[in-house]
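The values are calculated or read from the model by the stated rules, or taken from the named source; none is laboratory data. Being a predicted model, the structure only gives us computed values, none of them experimental. Cβ: placed from backbone, ideal geometry, glycine included. Neighbour counts: every protein chain shown.
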């Protein structure tokens, strides 16, 4: 140990955080990413609302078809676009409500002709219908629920709002 000089201890310089410029650049990059992603997210939410309302309408029509067969009487399906909450209602001939379904307030159901459809116990409808489900967000893709003369129900993408 003779002749060996002890070296001086020099502490390492370690960064203890971020600089203000680094934080500002990070926030700016995040803001750009959010501004790009936000319109896509709102359109996806609108598309999901439309799909949900179309599925609700399809289920209501299928239930009405089954009820008309099991009750052996005509069953009517109506809906209300204007009132809140928006509802699809299934009724028997004596105006007794069999079932009712709520659908999203931002959606609108547009029929090709009349608002109501009547399912007959003979597994038919009085007149074929096509319903288009639209959203208040015009970027959403509309869905169409069709009922043909023999009461087959088809839910598909399409239609015009």
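Looking across segment 71-94, just one residue is exposed (fewer than 15 other Cβ atoms within 10 Å of the Cβ), in contact with a strand residue (DSSP E or B) (Cβ under 9 Å, 6 or more places away or on another chain), farther than 20 Å from residue 52 by Cα and free of Cβ contacts under 8 Å to residues at least 40 places away in the same chain, and that is 93.
May I ask you to say which residue of 32, 41 is within 16 Å of residue 137 (Cα to Cα) and free of Cβ contacts under 8 Å to residues at least 60 places away in the same chain?
41
When you scan segment 17-37, do you find a residue that is modelled with pLDDT under 85, more than 30 Å from residue 87 (Cα to Cα) and not in a helix (DSSP H, G or I), even just one? Yes - at least one qualifying residue is present in segment 17-37.
Would you confirm, using the coordinates I've provided, whether residue 128 is farther than 14 Å from residue 68 by Cβ, in contact (Cβ under 8 Å) with a residue 12 or more places away in the chain and loosely packed, with under 14 Cβ neighbours inside 10 Å? Taking the combined requirement at face value, the residue does not satisfy it. For residue 141, are the conditions met, namely being touching a residue at least 60 places away in the same chain (Cβ under 8 Å), closer than 21 Å to residue 45 by Cβ and surrounded by fewer than 17 Cβ atoms within 10 Å (Cβ to Cβ)? In short, yes.
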